[in-house]
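Working notes, beginning with the structure itself.
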Amino acid sequence: MGRGFVVRPTLLCALITGLLFFSGCGDNNSSTNSFGSTGVSFDATVCESLAGLEIDALSIDLPTSGGSVTSATWAVDAEVNYGQCDVYGEIYPVDPTAPNIEFRVSLPENWNGRALQLGGGGLNGSIRDTAGSYRYQPSGQLTPLQSGFVVLAGDSGHQTAGGSFALNAEALLNYGQQSIKKTHDAALAIVQAAFGMDPDYFYFHGFSQGGHEALDAAGRYPDDYDGVVSGTPALNVAMMHAGHGWVYKEALYADGGAGWVNPAKQTLLVSSVYAACDPIDGVTDGIISDIAGCLDVFDVQDLRCEGGANTGDDCLSDVEIETLDTLASSNDIGIDFNGNSVAAPFPIYNGGLLNLGRYSLGASAVPSNPAASTDAWHYQVGDTNAKYFITGNAAEDYVNFNIYDYEDRVSELAQIMDTTGVSFQRAHDNGVKVILFTGLADDGISPYNTFQFYERLVANLGLDTVEEFLKFYTIPGMSHGFGPFVAGYDSLPALMNWVENGVAPSNQVVEDTNAATAGRTRPLCEYPTWPLFTGTDENDASSFTCVY
C-alpha cells in the first residue's frame with residue numbers, strides 16, 4: 001500500500017493520456033476503462049528471467065519455508081496487442097507433510113501500477129484464471145489484466161477436490177485465513193523482481209468463499225490492501241458448515257425422512273411464494289424485491305394438505321411444513337462461534353429458490369435421505385465438515401453424528417475459519433475500503449448470514465464509522481450465480497474511485513445477464529433499502545426508487 005514510486009492516477013471527467021478514467025462521469029458505473037502505464041520496461045526477456053526465482057521465507061510475513069517460481073511464460077494478447085507474463089509458483093509449508101500453496105501471477109507489459117488478487121470458491125483447491133474477468137464484471141469490458149493490472153490468485157493451500165486437506169493443521173490454517181496473505185507476499189516479491197517497485201494500490205475481489213477471503217484481506221491484513229469487493233461472503237465457514245449443516249440434517253432427516261421436501265413440492269413452494277410476493281414491489285417481473293413485506297403476505301399454511309397428512313405433491317404435510325419452518329427460522333445452535341451461536345435463516349418464504357439437491361462439493365458419497373435420491377447441499381457440507389474438519393475420521397457416519405460431542409473443536413474451527421471474530425477497526429483506521437454485496441434469493445449462502453455480519457459490525461463500531469469504509473448492497477432476484485436476476489456489476493471501478501479519489505459509491509446500476517432478460521437494469525440499493533417500481537419502464541433502473 002503506497003510503498004512504491006508509482007504516480008497516483010486521478011479520476012477526471014476527461015480523456016487525458018496516461019490517466020485513469022471512467023465513462024459516464026457523475027456516477028460510479030462505467031462500460032469503458034482506460035489505464036495508464038508506469039513506464040517501467042518489461043518484456044519477454046525480463047519475464048523469462050523470473051523462472052526459478054527463489055522467494056525467501058523472510059519476504060513472507062507468516063510462517064513458511066519460502067517459495068519459488070516454477071515457470072514464467074511470455075505471450076502476446078492479440079485482443080489488446082501487448083504482452084503478458086504468466087508466472088506460476090509455489091509456497092512451501094513449515095510442516096513437510098502439508099501441501100504447498102500453488103499460485104499464479106499474471107504481469108502485463110503495460111503495468112498501471114495496481115495489483116488485483118482474486119478470491120477462490122468452495123473448498124478451493126484450484127487457481128482462478130488470472131487472465132479472465134472478475135466475478136460479475138459486465139460483458140464487453142477489458143479484463144483487469146488487459147487493462148494493465150497485475151492479477152494474482154492462489155489455490156488456498158491444497159490441490160484436493162474434497163475436504164481431506166483439513167486433516168493437516170497447517171493446510172487447514174492456510175485455507176481458513178493465511179493463504180491469501182502468503183500468496184500476496186509471494187506475488188509482491190515477484191512484482192518487485194519484475195518491475196523494481198511495489199504496486200501503488202493493491203485490491204482484492206472475491207465471491208462466496210472468495211468473498212470471505214476478501215473480508216479476511218481487509219480485516220486481518222489491512223496493511224496489505226487498499227480496497228476489497230466481497231460478494232455473498234462465506235464469512236463464517238465453521239458456522240455455515242457445522243451449524244447450517246446440522247440444522248439441515250436435523251430437519252431433513254427427522255422422522256425417518258418424512259420431512260424431506262421433494263423437488264415437486266419445492267417447486268410448489270417457490271411458485272406459490274413468487275405468485276404472492278412478486279407484485280408487492282410495484283411490478284410483476286419475476287423478482288421479489290420487498291423480502292420483508294413478502295413475509296407478511298405469504299403464509300406456508302395456505303399450502304397445507306387437508307388434515308396435515310402427505311396426500312400428494314400439490315400440498316405440504318405438517319412434517320414438511322415443520323422442516324421448512326426450521327430452515328426459514330433463526331436457529332440457536334448453542335455452540336460458541338466467535339461470540340455467536342445463532343445460525344441465520346434461509347429466505348425460502350421470501351424469494352429463495354429452494355433447490356435442495358442442486359449443489360455438490362465433490363465429496364465422497366454420503367447416505368441418501370430415505371425420501372429422496374440425492375442429499376441436500378447443506379447436508380453434504382455438514383457431512384464433509386464432520387468427517388475432515390471436526391472428527392478427522394473419514395468413515396464418520398453423519399446420519400448419527402452428534403455435533404454436541406465436539407463443541408470445543410467446533411469453536412476452535414470458528415477461530416480458524418470465520419471472519420466474525422475479526423475486528424475491522426484497523427481496516428477503518430488504515431483507510432481500507434470495502435464494497436459488500438449479497439443476493440436476496442440465495443439459499444446457498446443466506447442473505448441473512450450477511451445481514452447478521454453487517455449488523456454485528458455496526459453494533460461493534462457504530463454506524464458512522466462503518467459507513468466511512470464499508471458499503472453494503474443487496475440484489476433482489478440473485479441467488480448463488482443464478483436466479484431471476486443475475487447482476488453484471490461494475491464493482492472494481494467503483495472501488496477504485498473510492499480508494500484513489502475519495503468518492504464513495506453512489507447511484508450505482510446493475511444489469512441483468514440472464515439470456516431471456518438481458519439488459520434490464522435495477523438500481524443497486526444500499527441495505528436495508530430495496531427497489532420499488534415508481535416509474536413506467538420495468539426494464540430501466542430509473543423507474544425504480546430505493547426505499548425502506
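The values are calculated or read from the model by the stated rules, or taken from the named source; none is laboratory data. Because the structure is a prediction, the values reported are computed rather than measured. Ideal geometry is used to build each Cβ from the backbone, glycine not excepted, and the neighbour counts take in all protein chains shown. Side chains included, ligands, DNA and RNA excluded: accessible areas come from the protein's heavy atoms. Shrake-Rupley method; radii C 1.70, N 1.55, O 1.52, S 1.80 Å.
The lysine pair tally for the chain, using Cα distances under 30 Å and a gap of 8 or more places or different chains, is 9. Protein-only accessible surface at a 1.4 angstrom probe places the residues 409, 522 in the order 409, 522, largest first. Rounded to the nearest 10 degrees, the inclination of helix 407-417 to the longest alpha-carbon principal axis of the chain is 40 degrees. Its residue count N sets the reference 2.2 N^0.38 Å, and the alpha-carbon radius of gyration of the range 487-548 equals 1.21 times that reference.
Could you estimate the translational diffusion coefficient of the range 240-280 from the Stokes-Einstein equation, with Rh from the Kirkwood formula over C-alpha pairs, at 25 °C and 0.890 mPa s, in whole µm²/s?
Taking Rh from Cα pairs, D becomes 206 µm²/s.
Taking a 1.4 Å probe, which of 70, 45, 391 shows the most accessible area, and what order do the others take after it? Numbers along the way, then the final one.
Working: 70 80, 45 105, 391 40 Å².
Result of the area sort, largest leading: 45, 70, 391.
The calculated FRET efficiency for the pair residue 44 and residue 193, based on their C-beta separation and a Förster distance of 22 Å, comes to about 0.90.
Summarising the label geometry, the points placed 7 Å from Cα in the beta-carbon direction at residue 459 and residue 411 lie 1.8 nm from one another. Where both bridge residues fall in the chain, DSSP classifies roughly 60% of the beta bridges as antiparallel. For residue 223 and residue 95, a Förster radius of 35 Å and the Cβ-Cβ distance give a FRET efficiency of 0.85, rounded to the nearest 0.05. Taking amide H positions as modeled 1.01 Å from N, with prolines and chain starts lacking one, the residues under 5 Å from residue 475 and 5 or more places away or on another chain are 438, 439, 440. Kirkwood analysis of the chain, using all unique Cα-Cα pairs, places the hydrodynamic radius at 24.3 Å.
Shown here is the pair-distance distribution of the range 178-320: with all Cα-Cα distances grouped in 5 Å bins from zero up to the longest one, the shares run 2, 8, 11, 11, 11, 12, 11, 8, 8, 7, 5, 4, 2, 1, 0, 0 percent.
Here residue 82 and residue 306 are evaluated by their C-beta separation; at R0 = 60 Å the FRET efficiency comes out at 0.30. In order along the range 333-341, phi translates into HN-Hα couplings of 6, x, 10, 7, 10, 6, x, 10, 10 Hz, rounded to whole numbers, per the Karplus curve 6.51 cos²θ - 1.76 cosθ + 1.60 with θ = phi - 60° and x for Gly and Pro. Once the Cα atoms are used to define both axes, helix 179-195 deviates from the longest principal axis of the chain by about 20 degrees.
Net charge around residue 448, counting only other residues with Cβ within less than 12 Å of its Cβ (Lys, Arg = +1; Asp, Glu = -1)? Once positives and negatives cancel, what remains is -3. A full extension of the chain between residue 423 and residue 71 corresponds to an added length of 122.9 nm, given 0.36 nm per residue minus the alpha carbon distance.
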